[in-house]
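Worksheet: the structure to be examined is printed underneath.
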Amino acid sequence: ERKRYTATKFWTPKDASPAAIIAELKAGKGRAHKITDFIPWVLPNKKKLEYLQGLIKQEKALKRSEDRRGMECKTILIKIHRRRLFEDGFQHMKSIPDDVLKHHVKIMFVNELGLDEVGIDRMVS
């Protein structure tokens, strides 16, 4: 058996149980953010995932309530040329602010002739 040089919980702060850290994160306390930034192994991955999923649910609920209050659902249209797929995509995506990326993003592909390409979801009439 391998010899231990430190106690099992030596690297874990005594008052930093996963439940306490999550509670502090929800309350917006700075210490919890520093803990998750500098010693992320204190929180098990399952707890981090549950916290992140909770944030996403809250944000979706807030967005739904805003949409119901009459705010239109914004759609961002991005045109990408097939020959410059990476370059166009990268340029468009980096120019969009982070909060706008949470809206619907519609990507339209343009062929070599400069015409919109027909995809699976659109049919030529």
Review point. LEU113: accessible area at probe 1.4 Å, nearest 10 Å²?
Key: 140 Å²
Revision key, fill the gap. Label model pair ASN45, ARG31: point-to-point distance (7 angstrom along the Cα→beta-carbon line) in nm is 2.8 nm
Review point. Which of the residue pairs LYS47/LYS79; LYS29/LYS106; LYS26/LYS94; LYS26/LYS79 have a Cα-Cα distance greater than 32 Å in the structure shown?
Key: LYS47/LYS79; LYS29/LYS106; LYS26/LYS79
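The values are calculated or read from the model by the stated rules, or taken from the named source; none is laboratory data. None of these values were measured; they are calculated from a predicted model. All Cβ positions, even for glycine, are placed from backbone atoms using ideal geometry, and neighbour counts span all protein chains on display. Just the protein is used for accessible areas: all its heavy atoms, side chains included, with ligands, DNA and RNA removed. Shrake-Rupley method; radii C 1.70, N 1.55, O 1.52, S 1.80 Å.
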